[in-house]
Amino acid sequence: MESEVPRSVALRSNRRGGREKKVSNFVFSWCFGGDSDDQDGFFSPGKVPADYPIKLVWKRGFVRLVFVAGIVWMLLILIVLLFHVWSCQSSYDFFSAICNKESKVYGLLNTWGFVQQQHRCPIPVVDDPNKIVIPEGKTSDSIITRLSYITDDDEPLNNGSSSPLFGGHISWAEREESFKIKPSMKVHCGFIRNGGAEMDPNDIEYVKKCRFVVASGIFDGYDVPHQPSNISHRSKELFCFLMVVDEVSLEFIKENTTIRTDSKGGQWVGIWRLIPLKNPPYDEPRRNGKVPKILTHRLFPQAQYSIWIDGKMELIVDPLLLLERYLWRGENTFAIAQHKHHRNVYEEADANKRRKRYARPLIDLHMKIYRYEGIEPWSTKSGTISDVPEGAVIIREHTALSNLFSCLWFNEVHLFTPRDQLSFGYVVHKLGVKPFKHFMFPNCEYNSLFVLHPHTREHSSKVEWVKSLSEFKGKGSSMKESRGGLGLWTPYPGDLSSVVLPKVVRTSKAG
């Protein structure tokens, strides 16, 4: 019995040694391509060269060196990327100046979600607006050389009792044809004769001198003009500050602020020249507000550059700095901010329904048309930073291509829902990402451009609470707009019944 104990211990020792030998042989053969037990192989005792120990040490050291160098290199890349992200979000001016938010690396990291979204961040503007060199001339129109507009509504009127539509009766065929870029184009772009939104002759004469424009608008008495701050003397001399208002808002402003009237009849509130529009073209105030916002080049045709800012905002950055930062520095003609939460238009549509921005079934119908026409949910392969903008600030040079985009964008707002953020990405993709070069700047910069003031009252209408198309029948027919959104009530030349909207994953509480 005692003799069996040492024997079993010896057997276990032999088995362990065999396993260790097999493992070492496998590692040896994998690293150096031979078999340590092969007496006839390269490493057999009779064939081992004299300098073999040195070569073995060098081979092992080289493998380890390459392995360690690879790890160090990957760590360095990771550290650089992390520093890049950190510097872009740093509150220290020195480090934030190092950041290049327009680089492909930053864009890729932002797309992948590695960049934490800030509410506000420093805007990389030049120090002094007086040192900015304004480009001579204008950007050449190499893609579209001639752009003109349809000014008469060809649709027959009902016994002459109806007035023409401001945006015109756009057929489905005309709509599709308008997206085909040609050197010479004629498109619908609002301002159909006798369609509404008329400007006073004194104001028409005044805006003829305006080459640089800061424009804003107030409709249905939601706001009063907010005076911009940090405006240089040079910009005050260079820019026209034009506040477009409807008649209801003009009366509201008169009751709540002081209006100064000049010798030629012009009405002023501080730096803002009020531009009243008579005969609102639409029933829906929000749709009326899209006229000066999107069709700035039509209201002020002599303007070469324009900056649009919503009426509830107080601009706190010199407008000349904005043109240099967002247009001239990158040779852009159109700049708009990225949406803070959404890149996917179907996500934005879902948020609009949740927040009751318009009738839910009409938003769904709008999106079904886009889905039927091939608009995919945004992805990193879409070729754009985002399909959804923050439309409260728009910076433009009024080139032919930029103007065409604005016309087609407005036509979508005229035909469908007044939620312009839903149609922006559609127009970009229909025109083509490459022809229409535009700059979507970071949302945190957008939030650093202004101070946001609350509306004097919240907008609300019955149509925003509609949950079913059946609610528009009978007594509910009065909720239908009579002059806008008619594309939602015109038979579509395609079968939308089989269209299934993409599933939306709600990534944020905010809309």
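The values are calculated or read from the model by the stated rules, or taken from the named source; none is laboratory data. This one's a predicted model, so the numbers in the text were calculated from it and none came from an experiment. So basically every Cβ, Gly included, is an ideal-geometry build from the backbone, and we count neighbours across all protein chains shown. Note: areas computed on protein heavy atoms with side chains; ligands, DNA, RNA excluded. Shrake-Rupley method; radii C 1.70, N 1.55, O 1.52, S 1.80 Å.
Brief remarks follow.
- Computed label-point distance, nm, for sites residue 258 and residue 437 using a 7 Å Cα→Cβ extension: 4.8 nm
- About the centre of its Cα atoms, region 426-491 shows a dipole size close to 320 debye [charges on the beta carbon of Lys, Arg (+1) and Asp, Glu (-1) only; nearest 20 debye].
- Counted charge near residue 487, where neighbours are those whose Cβ lies closer than 10 Å (Asp, Glu -1; Lys, Arg +1): 0
- Integer Hz, Karplus 6.51/-1.76/1.60 couplings in order for region 264-272, x for Gly and Pro: 9, x, x, 10, 10, 10, x, 7, 7
- The DSSP beta bridges internal to region 186-283 are antiparallel in roughly 35% of cases.
- You can think of it this way: the chain between residue 120 and residue 268 has 50.1 nm of extra reach, that is 0.36 nm per residue less the Cα-Cα gap.
- Debye-sum result for region 396-511 in log10 I(q)/I(0), which assumes one identical scatterer on each alpha carbon, at q = 0.18, 0.20 Å⁻¹: -1.38, -1.42
- Region 191-347, relative contact order in percent, only Cα pairs under 8 angstrom and at least six apart counted: 34 percent
- Under 14 Å, Cβ to Cβ, from residue 294 - net charge with Lys/Arg +1 and Asp/Glu -1: +4
- Point-to-point label distance, residue 181-residue 457, nm (Cα→Cβ direction, 7 Å offset): 4.5 nm
- Among the protein heavy atoms, those of residue 452 account for about 100 Å² of accessible surface (1.4 Å probe, every chain in place).
- Derived value for region 209-353: Kirkwood hydrodynamic radius 16.5 Å. Basis is the mean of 1/r over every pair of different alpha-carbon atoms.
- Dipole in debye (nearest 20) - region 122-214, about Cα centre, beta carbon charges: Lys, Arg +1; Asp, Glu -1: 360 debye
- Structural size metrics of region 177-275, computed from C-alpha coordinates, are Rg and Dmax of 16.4, 49 Å.
- Under-20-angstrom lysine pairs by C-alpha in region 435-504, whenever the two are 8 or more apart or on separate chains: 6
- Applied to region 423-432, the Karplus parametrisation 6.51 cos²θ - 1.76 cosθ + 1.60 on θ = phi - 60° returns per-residue 3J(HN,Hα) values of 9, 4, x, 4, 5, 4, 6, 5, 6, x Hz, with x for Gly and Pro.
- Net charge of neighbours whose Cβ lies under 12 Å from the Cβ of residue 399, counting Lys and Arg as +1 and Asp and Glu as -1: 0
- 3J(HN,Hα) along region 328-344, derived from phi through the Karplus expression 6.51 cos²θ - 1.76 cosθ + 1.60 where θ = phi - 60°, amounts to 5, 4, x, 6, 9, 10, 8, 9, 8, 7, 6, 5, 5, 10, 10, 10, 9 Hz, with x in place of Gly and Pro.
- Taking every protein chain into account, the 1.4 Å probe leaves residue 126 with about 50 Å² of accessible area, to the nearest ten.
- From the largest down, region 342-393 spans 31, 29, 16 angstrom on the principal axes of its Cα atoms.
- Pairwise FRET efficiency - residue 499 versus residue 148, Cβ, R0 = 45 Å, nearest 0.05: 0.80
- Residue 140-residue 63 FRET efficiency (beta carbon distance; Förster radius 56 Å; 0.05 resolution): 0.40
- Solvent-accessible surface (1.4 angstrom probe) belonging to residue 375, in square angstrom, nearest 10: 20 Å²
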